[in-house]
Each structure stands twice: as C-alpha cells, then as structure tokens.
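Participant: Structure in structure tokens, see below.
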C-alpha cells in the first residue's frame with residue numbers, strides 16, 4: 001500500500017488529499033478528513049461545528065493506518081460513491097437531509113438555459129405554477 005492523491009467531492013467542492021488505497025479500501029489521515037470534509041476527530045468522536053458522531057469502540061473506522069473512508073461515510077449517515085481505480089469519491093446527502101427537503105415539497109433551485117440561451121432560475125418562478133419537462137436520452 002502506498003499513498004496516492006485522492007479526490008473527495010462534498011457539498012459541491014472537491015479536495016485532493018493523500019490516501020492509502022488498497023482494493024476498495026481508502027484510508028485517510030485524520031487531518032485530511034478535517035481538511036477535505038470539515039470533520040475533526042476528538043475524544044467524543046468525529047465533530048463538525050456543533051455536531052459530533054461517536055465512534056464505537058469495536059469499530060475499525062479509525063485505526064493506526066488512518067480513517068476508512070467508506071466506514072466513515074456510513075458513520076455520518078452519508079452515501080458514498082467510490083471509484084478506487086479513478087482515485088475519486090463523492091459524498092452524497094444523508095437520507096435525513098433528503099427527507100427534510102422532500103417534506104417541504106419545494107424543488108431545489110437550479111438555473112438552465114432555454115433554446116435561445118437565456119438563463120432561467122426556478123426561484124424566479126416561486127409562487128407560480130410551472131410545468132417542468134425532463135428528458136434523458138438513455
């Protein structure tokens with residue numbers, strides 16, 4: 001196992017950190033978890049701002065070899081799309097956060113061009129009834 005650059009994408013931003021890659025197991029240094037994702041390992045567990053998630057004693061999330069990225073994602077209740085061969089991972093939104101967003105029945109804002117290139121944002125039409133048509137070629 002050797003350290004290689006690994007890209008982690010979270011909340012729309014990408015961070016490149018050194019990681020130890022072995023098959024589908026990605027291990028990062030504690031400091032790189034903080035730098036890339038904002039989670040700091042403390043005595044009470046992994047903390048980000050005021051939220052802390054305890055690390056079970058029997059867990060192998062944290063070892064002398066570093067933090068296992070996949071187990072860390074499970075610990076903080078976030079799905080992880082991992083491509084070890086491409087040295088990249090994407091942390092998705094937690095089920096709880098998605099559930100809260102769906103409870104409002106309000107679509108997230110986005111901006112797209114029309115056929116003439118003029119940009120339209122969904123937020124420009126809040127409070128009005130609109131029809132969204134989505135198309136995919138696959």
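Participant: Please compute the length gained on full extension between residue 135 and residue 86, using 0.36 nm multiplied by the number of residues separating them and subtracting their Cα-Cα distance.
Facilitator: Using 0.36 nm per residue and subtracting the Cα-Cα distance, I get 14.8 nm.
Participant: Sorting 21, 61 on the 10 Å Cβ count, fewest up front, what's the list?
Facilitator: 21, 61
Participant: State whether the stretch 62-111 is rounded, prolate or oblate according to the following rule on the C-alpha gyration tensor (a ≥ b ≥ c being the square roots of its eigenvalues): a/c under 1.5 gives rounded; otherwise a/b larger than b/c gives prolate, and the remaining case gives oblate.
Facilitator: Note, shape of the stretch 62-111 comes out oblate.
Participant: Quick one: order 42, 129, 34 by neighbouring beta-carbon count within 10 Å, fewest to most.
Facilitator: Listing 42, 129, 34 from fewest to most nearby Cβ atoms yields 129, 42, 34.
Participant: At 7 Å along Cα-to-Cβ for each site, give me the label-to-label distance between residue 116 and residue 22 in nm.
Facilitator: According to this spin-label approximation, the distance is 6.1 nm.
Participant: Among [x] 135; [y] 175; [z] 98, only one was calculated for this model; which label is it, if the read-out is volume of the Cα convex hull per residue in Å³?
Facilitator: [y]
Participant: Here is a further query. Among 125, 90, 135, which comes first, second and so on when ranked by fewest other beta-carbon atoms within 10 Å?
Facilitator: Listing 125, 90, 135 from fewest to most nearby Cβ atoms yields 135, 125, 90.
Every read-out reported here was derived from the displayed coordinates using simple, explicitly stated rules and does not represent laboratory data. These numbers come from a predicted model, not from an experiment. All Cβ positions, glycine included, derive from the backbone under ideal geometry; neighbour counts span all protein chains shown.
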